[in-house]
Amino acid sequence: MLKRSSTAYYCSITLIVLILLVMIFGTWLMPHGVTPDDKINMLQYQEDGKTRYSIPPYAPNSTFLLGTDHRGFDVLSLLLNGLKYTLGTALALTLIRFVFALPWGLWSGTTGRGWSILRSMQWVVSSMPAFVFLFPPLAGMYFGLRLDQGLKADPHYQLLFTVTFVSLVTFIGIFPLAHQVADRTRYYNERLFIEASRLMGGSVYHRTMRHLVPCMRNEMLFIFLSEFMQVLFLLGQLAVFNIVLGGVETIGDSDAGYSIAITTSGEWLSLIAYGSRYIRLHPWIILSAGTSFAGLFLALQFFLNQLKHRYGSERQLM
(Lines give C-alpha, C1' and ligand atoms only; values in the text may rest on other atoms or scores of the structure.)
Protein backbone atom coordinates (compact mmCIF):
# COMPACT_ATOMS: atom_id res chain seq x y z
CA MET A 1 0.00 0.00 0.00
CA LEU A 2 1.34 3.44 -0.89
CA LYS A 3 2.21 5.70 1.99
CA ARG A 4 0.18 8.83 2.39
CA SER A 5 1.96 12.15 2.55
CA SER A 6 2.42 13.40 6.09
CA THR A 7 2.58 16.91 7.49
CA ALA A 8 6.22 16.35 8.38
CA TYR A 9 7.03 15.58 4.75
CA TYR A 10 5.50 18.84 3.53
CA CYS A 11 7.26 20.74 6.32
CA SER A 12 10.58 19.31 5.18
CA ILE A 13 9.83 20.36 1.59
CA THR A 14 8.99 23.86 2.81
CA LEU A 15 12.28 24.13 4.69
CA ILE A 16 14.29 23.06 1.66
CA VAL A 17 12.43 25.54 -0.56
CA LEU A 18 13.18 28.34 1.94
CA ILE A 19 16.86 27.39 2.00
CA LEU A 20 17.00 27.42 -1.79
CA LEU A 21 15.24 30.79 -1.94
CA VAL A 22 17.69 32.30 0.55
CA MET A 23 20.58 30.79 -1.37
CA ILE A 24 19.38 32.32 -4.65
CA PHE A 25 17.99 35.65 -3.44
CA GLY A 26 20.01 36.16 -0.24
CA THR A 27 22.06 38.97 -1.77
CA TRP A 28 18.88 40.96 -2.43
CA LEU A 29 17.41 40.19 1.00
CA MET A 30 20.32 41.73 2.93
CA PRO A 31 19.18 44.61 5.18
CA HIS A 32 22.65 46.20 4.93
CA GLY A 33 25.45 46.17 2.40
CA VAL A 34 28.68 44.18 2.77
CA THR A 35 30.91 46.11 0.35
CA PRO A 36 33.98 48.17 1.34
CA ASP A 37 31.83 51.31 1.15
CA ASP A 38 29.56 49.91 3.88
CA LYS A 39 32.32 49.53 6.47
CA ILE A 40 31.83 51.40 9.74
CA ASN A 41 34.92 52.84 11.40
CA MET A 42 33.07 54.37 14.33
CA LEU A 43 29.67 55.67 15.38
CA GLN A 44 28.97 58.92 17.18
CA TYR A 45 26.39 59.08 19.97
CA GLN A 46 25.36 61.31 22.86
CA GLU A 47 25.65 60.21 26.49
CA ASP A 48 25.18 62.47 29.53
CA GLY A 49 25.33 65.49 27.25
CA LYS A 50 28.70 64.48 25.86
CA THR A 51 29.63 63.26 22.41
CA ARG A 52 31.13 59.80 22.48
CA TYR A 53 32.36 57.37 19.87
CA SER A 54 32.13 53.60 19.60
CA ILE A 55 33.89 51.22 17.26
CA PRO A 56 32.66 47.87 15.95
CA PRO A 57 31.89 45.10 16.51
CA TYR A 58 28.48 46.07 17.88
CA ALA A 59 26.23 43.77 19.87
CA PRO A 60 22.76 42.93 18.50
CA ASN A 61 20.44 45.93 18.52
CA SER A 62 17.47 47.34 16.64
CA THR A 63 19.66 48.36 13.70
CA PHE A 64 21.80 45.23 13.51
CA LEU A 65 19.60 42.36 14.65
CA LEU A 66 22.49 39.88 14.94
CA GLY A 67 25.22 42.41 15.66
CA THR A 68 28.22 43.27 13.49
CA ASP A 69 31.76 42.06 12.89
CA HIS A 70 34.97 44.07 13.35
CA ARG A 71 34.37 45.92 10.08
CA GLY A 72 30.88 47.00 11.08
CA PHE A 73 29.25 44.61 8.62
CA ASP A 74 25.84 43.32 9.65
CA VAL A 75 26.12 39.62 10.60
CA LEU A 76 22.61 38.87 9.29
CA SER A 77 23.54 40.34 5.90
CA LEU A 78 26.74 38.29 5.85
CA LEU A 79 24.77 35.11 6.55
CA LEU A 80 22.25 35.85 3.81
CA ASN A 81 25.01 36.58 1.32
CA GLY A 82 27.26 33.67 2.31
CA LEU A 83 24.84 30.73 2.21
CA LYS A 84 25.30 30.16 -1.53
CA TYR A 85 29.07 29.89 -1.11
CA THR A 86 28.77 27.34 1.70
CA LEU A 87 26.29 25.14 -0.14
CA GLY A 88 28.20 25.56 -3.40
CA THR A 89 31.48 24.42 -1.83
CA ALA A 90 29.90 21.35 -0.22
CA LEU A 91 28.04 20.50 -3.43
CA ALA A 92 31.19 20.77 -5.56
CA LEU A 93 33.17 18.49 -3.24
CA THR A 94 30.31 15.98 -3.16
CA LEU A 95 30.08 15.92 -6.95
CA ILE A 96 33.85 15.38 -7.27
CA ARG A 97 33.57 12.40 -4.91
CA PHE A 98 30.74 10.96 -6.99
CA VAL A 99 32.65 11.40 -10.25
CA PHE A 100 35.27 8.94 -8.98
CA ALA A 101 33.28 6.72 -6.62
CA LEU A 102 30.09 6.06 -8.63
CA PRO A 103 31.69 4.46 -11.73
CA TRP A 104 34.08 2.48 -9.54
CA GLY A 105 31.29 1.20 -7.30
CA LEU A 106 29.03 0.26 -10.21
CA TRP A 107 31.85 -1.51 -12.04
CA SER A 108 33.07 -3.39 -8.98
CA GLY A 109 29.55 -4.40 -7.95
CA THR A 110 28.66 -5.62 -11.44
CA THR A 111 31.85 -7.46 -12.34
CA GLY A 112 33.08 -8.41 -8.87
CA ARG A 113 36.55 -7.13 -9.72
CA GLY A 114 38.40 -4.99 -7.22
CA TRP A 115 35.87 -5.77 -4.50
CA SER A 116 38.44 -7.02 -1.98
CA ILE A 117 40.66 -3.97 -2.50
CA LEU A 118 37.70 -1.63 -2.19
CA ARG A 119 36.50 -3.35 0.98
CA SER A 120 39.99 -3.18 2.53
CA MET A 121 40.45 0.52 1.72
CA GLN A 122 36.97 1.29 3.01
CA TRP A 123 37.84 -0.39 6.28
CA VAL A 124 41.11 1.54 6.58
CA VAL A 125 39.55 4.92 5.82
CA SER A 126 36.50 4.33 8.02
CA SER A 127 38.52 3.09 11.00
CA MET A 128 38.90 6.68 12.23
CA PRO A 129 36.89 9.89 11.76
CA ALA A 130 37.77 11.75 8.57
CA PHE A 131 38.66 14.82 10.63
CA VAL A 132 41.51 12.93 12.33
CA PHE A 133 43.04 12.13 8.94
CA LEU A 134 42.59 15.60 7.48
CA PHE A 135 43.42 18.00 10.30
CA PRO A 136 47.19 17.37 10.76
CA PRO A 137 48.26 17.88 7.11
CA LEU A 138 45.78 20.68 6.43
CA ALA A 139 46.57 22.56 9.65
CA GLY A 140 50.29 22.19 9.00
CA MET A 141 49.93 23.67 5.53
CA TYR A 142 47.42 26.36 6.47
CA PHE A 143 49.38 27.86 9.33
CA GLY A 144 52.83 26.89 8.03
CA LEU A 145 52.23 28.79 4.79
CA ARG A 146 50.64 31.68 6.75
CA LEU A 147 47.35 31.43 4.90
CA ASP A 148 45.68 32.80 8.03
CA GLN A 149 46.81 36.22 6.77
CA GLY A 150 43.98 36.13 4.25
CA LEU A 151 44.45 38.30 1.16
CA LYS A 152 48.02 39.06 2.21
CA ALA A 153 49.03 35.42 1.83
CA ASP A 154 51.03 34.24 -1.19
CA PRO A 155 48.57 33.39 -4.04
CA HIS A 156 50.69 30.38 -5.04
CA TYR A 157 50.44 29.02 -1.51
CA GLN A 158 46.70 29.59 -1.53
CA LEU A 159 46.37 27.64 -4.78
CA LEU A 160 48.55 24.84 -3.42
CA PHE A 161 46.44 24.62 -0.26
CA THR A 162 43.17 24.66 -2.23
CA VAL A 163 44.31 21.80 -4.47
CA THR A 164 45.53 19.82 -1.45
CA PHE A 165 42.32 20.53 0.50
CA VAL A 166 40.05 19.40 -2.36
CA SER A 167 42.22 16.35 -3.06
CA LEU A 168 42.29 15.14 0.54
CA VAL A 169 38.59 15.76 1.21
CA THR A 170 37.78 13.93 -2.03
CA PHE A 171 40.19 11.05 -1.41
CA ILE A 172 38.97 10.38 2.14
CA GLY A 173 35.39 9.97 0.90
CA ILE A 174 35.88 7.98 -2.31
CA PHE A 175 36.39 4.54 -0.77
CA PRO A 176 33.40 4.48 1.64
CA LEU A 177 31.16 5.93 -1.07
CA ALA A 178 32.34 3.49 -3.74
CA HIS A 179 31.98 0.59 -1.30
CA GLN A 180 28.41 1.61 -0.50
CA VAL A 181 27.50 1.87 -4.18
CA ALA A 182 29.21 -1.45 -4.95
CA ASP A 183 27.40 -3.19 -2.10
CA ARG A 184 23.99 -2.08 -3.37
CA THR A 185 25.00 -2.96 -6.95
CA ARG A 186 25.96 -6.47 -5.85
CA TYR A 187 22.56 -6.83 -4.20
CA TYR A 188 20.64 -5.92 -7.36
CA ASN A 189 23.09 -7.81 -9.59
CA GLU A 190 21.87 -11.07 -8.06
CA ARG A 191 18.31 -10.49 -9.25
CA LEU A 192 16.96 -12.88 -11.92
CA PHE A 193 16.27 -10.20 -14.52
CA ILE A 194 19.92 -9.08 -14.34
CA GLU A 195 21.07 -12.67 -14.79
CA ALA A 196 18.67 -13.07 -17.71
CA SER A 197 20.10 -9.96 -19.35
CA ARG A 198 23.62 -11.35 -18.95
CA LEU A 199 22.66 -14.71 -20.47
CA MET A 200 21.07 -12.94 -23.42
CA GLY A 201 24.38 -11.24 -24.16
CA GLY A 202 23.91 -7.94 -22.36
CA SER A 203 27.25 -6.19 -21.76
CA VAL A 204 28.32 -4.81 -18.40
CA TYR A 205 27.51 -1.31 -19.63
CA HIS A 206 24.06 -2.41 -20.87
CA ARG A 207 23.19 -4.17 -17.64
CA THR A 208 24.41 -1.23 -15.59
CA MET A 209 22.67 1.56 -17.48
CA ARG A 210 19.47 -0.23 -18.50
CA HIS A 211 18.78 -2.27 -15.36
CA LEU A 212 20.94 -1.47 -12.33
CA VAL A 213 20.87 2.34 -12.44
CA PRO A 214 17.06 2.54 -12.83
CA CYS A 215 16.66 0.18 -9.87
CA MET A 216 19.01 2.26 -7.75
CA ARG A 217 17.73 5.75 -8.59
CA ASN A 218 16.16 6.36 -5.21
CA GLU A 219 19.09 4.92 -3.31
CA MET A 220 21.56 6.99 -5.32
CA LEU A 221 19.64 10.13 -4.40
CA PHE A 222 19.66 9.15 -0.72
CA ILE A 223 23.37 8.35 -0.88
CA PHE A 224 24.07 11.71 -2.56
CA LEU A 225 22.17 13.68 0.08
CA SER A 226 23.85 11.72 2.89
CA GLU A 227 27.27 12.33 1.33
CA PHE A 228 26.47 16.03 0.91
CA MET A 229 25.66 16.33 4.60
CA GLN A 230 28.80 14.42 5.57
CA VAL A 231 30.91 16.82 3.53
CA LEU A 232 29.11 19.81 5.03
CA PHE A 233 29.63 18.49 8.56
CA LEU A 234 33.32 17.77 7.87
CA LEU A 235 33.84 21.30 6.56
CA GLY A 236 32.15 22.62 9.70
CA GLN A 237 34.53 20.63 11.91
CA LEU A 238 37.56 22.00 10.08
CA ALA A 239 36.16 25.54 10.29
CA VAL A 240 35.98 25.36 14.09
CA PHE A 241 39.76 24.89 14.00
CA ASN A 242 40.17 27.77 11.52
CA ILE A 243 40.82 25.60 8.44
CA VAL A 244 38.82 27.19 5.60
CA LEU A 245 39.10 27.70 1.85
CA GLY A 246 40.06 31.28 0.93
CA GLY A 247 37.72 34.25 0.90
CA VAL A 248 39.35 35.87 3.93
CA GLU A 249 40.74 39.36 4.47
CA THR A 250 42.91 40.56 7.35
CA ILE A 251 42.34 43.68 9.44
CA GLY A 252 45.39 45.14 11.15
CA ASP A 253 49.00 44.00 11.04
CA SER A 254 52.06 43.58 13.25
CA ASP A 255 52.56 47.34 13.41
CA ALA A 256 49.02 47.86 14.66
CA GLY A 257 49.49 45.14 17.28
CA TYR A 258 46.62 42.98 16.12
CA SER A 259 45.56 40.90 13.14
CA ILE A 260 41.98 39.74 12.52
CA ALA A 261 41.06 37.38 9.67
CA ILE A 262 37.46 37.85 8.50
CA THR A 263 35.45 36.38 5.65
CA THR A 264 34.98 38.72 2.71
CA SER A 265 31.72 37.19 1.49
CA GLY A 266 29.99 35.97 4.65
CA GLU A 267 30.62 32.32 3.76
CA TRP A 268 29.32 30.45 6.80
CA LEU A 269 32.34 28.22 7.44
CA SER A 270 34.73 31.18 7.36
CA LEU A 271 32.31 33.07 9.61
CA ILE A 272 32.38 30.18 12.10
CA ALA A 273 36.19 30.15 12.01
CA TYR A 274 36.26 33.90 12.64
CA GLY A 275 33.59 33.85 15.36
CA SER A 276 35.17 30.96 17.26
CA ARG A 277 38.23 33.11 17.99
CA TYR A 278 36.10 35.73 19.70
CA ILE A 279 33.58 33.53 21.46
CA ARG A 280 34.20 35.23 24.81
CA LEU A 281 34.47 38.84 23.66
CA HIS A 282 31.80 38.86 20.94
CA PRO A 283 29.72 35.70 21.38
CA TRP A 284 26.90 36.82 19.07
CA ILE A 285 29.07 36.17 16.00
CA ILE A 286 29.70 32.47 16.63
CA LEU A 287 26.20 32.01 18.03
CA SER A 288 24.61 33.44 14.88
CA ALA A 289 26.83 31.51 12.47
CA GLY A 290 26.81 28.29 14.51
CA THR A 291 23.05 28.30 15.02
CA SER A 292 22.45 28.97 11.32
CA PHE A 293 24.80 26.16 10.31
CA ALA A 294 23.20 23.74 12.78
CA GLY A 295 19.73 24.71 11.55
CA LEU A 296 20.80 24.12 7.94
CA PHE A 297 22.22 20.71 8.77
CA LEU A 298 19.16 19.64 10.76
CA ALA A 299 16.82 20.82 7.99
CA LEU A 300 18.72 18.71 5.45
CA GLN A 301 18.67 15.70 7.75
CA PHE A 302 14.95 16.13 8.37
CA PHE A 303 14.33 16.34 4.62
CA LEU A 304 16.38 13.20 3.95
CA ASN A 305 14.56 11.22 6.65
CA GLN A 306 11.17 12.24 5.29
CA LEU A 307 12.27 11.43 1.76
CA LYS A 308 13.38 7.96 2.80
CA HIS A 309 10.14 7.39 4.71
CA ARG A 310 8.02 8.36 1.70
CA TYR A 311 10.01 6.88 -1.19
CA GLY A 312 12.33 4.40 0.46
CA SER A 313 10.86 1.13 -0.75
CA GLU A 314 7.41 1.47 -2.30
CA ARG A 315 7.64 4.38 -4.76
CA GLN A 316 10.02 5.62 -7.36
CA LEU A 317 10.95 9.25 -6.83
CA MET A 318 12.33 9.74 -10.35
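The values are calculated or read from the model by the stated rules, or taken from the named source; none is laboratory data. The shown structure was predicted, so the numbers you read here are calculated from the model rather than taken from an experiment. Cβ atoms come from the backbone with ideal geometry, glycine included; neighbour counts cover every protein chain shown. Remember, those area values only see protein heavy atoms, side chains included, never the ligands or the DNA or RNA. Shrake-Rupley method; radii C 1.70, N 1.55, O 1.52, S 1.80 Å.
If we sort 216-229, 125-138, 165-178, 65-78 on the protection proxy, mean other Cβ atoms within 10 Å, highest first, what's the order?
In decreasing order of mean packing, 216-229, 125-138, 165-178, 65-78 become 65-78, 165-178, 216-229, 125-138.
Determine the calculated [θ] at 222 nm for the chain from helices alone, applying -39500 (n - 2.57) to every DSSP H run no shorter than 4 residues and normalising by the residue count; nearest 500 deg cm²/dmol.
Computed ellipticity for the chain at 222 nm equals -21000 deg cm²/dmol.
Would you mind putting 263-271, 93-101 in packing order, based on average other-beta-carbon counts within 10 Å, highest first?
Packing proxy ranking, top to bottom: 263-271, 93-101.
For the chain, with only Lys/Arg (+1) and Asp/Glu (-1) charged at the beta-carbon, what is the dipole magnitude about the Cα centre, in debye rounded to 20? List each step's numbers first, then the result.
Numbers: 24 positive and 18 negative charges, 298 e Å.
Computed about the Cα centre, the dipole is about 1440 debye.
Which one of 211, 139, 291 has its Cα pushed farthest toward the positive end of the charge dipole of the chain, where Lys and Arg give +1 and Asp and Glu give -1 at the Cβ?
Towards the positive end, the residue furthest out is 211.
In what sequence, highest mean first, do 205-212, 23-30 appear when ranked by Cβ atoms within 10 angstrom?
Descending mean neighbour count gives 205-212, 23-30.
Calculate, for the chain, the solvent-accessible area per residue in square angstrom, rolling a 1.4 angstrom probe over the heavy atoms of the protein chains.
Accessible area per residue, the chain: 53 Å².
Which one, 189, 179, 85, projects farthest toward the positive side of the charge dipole computed for the chain from Cβ point charges (K/R +1, D/E -1)?
Among 189, 179, 85, the one farthest towards the positive end of the dipole of the chain is 189.
With P(r) over Cα pairs in 20 Å bins from 0, in percent in mind, check (1) 31, 60, 9, 0; (2) 27, 49, 21, 4, 0; (3) 22, 49, 27, 2 and report the label derived from this structure.
Evaluating P(r) over Cα pairs in 20 Å bins from 0, in percent on these atoms matches (2).
Taking the Cα centre of each part, how many Å lie between segment 206-256 and segment 151-194?
Taking the Cα centre of each part, segment 206-256 and segment 151-194 sit 10 Å apart.
Carbon and sulfur atoms: what percent of the 1.4 Å accessible area of the chain do they account for?
The C+S portion of the solvent-accessible surface of the chain is 64 percent.
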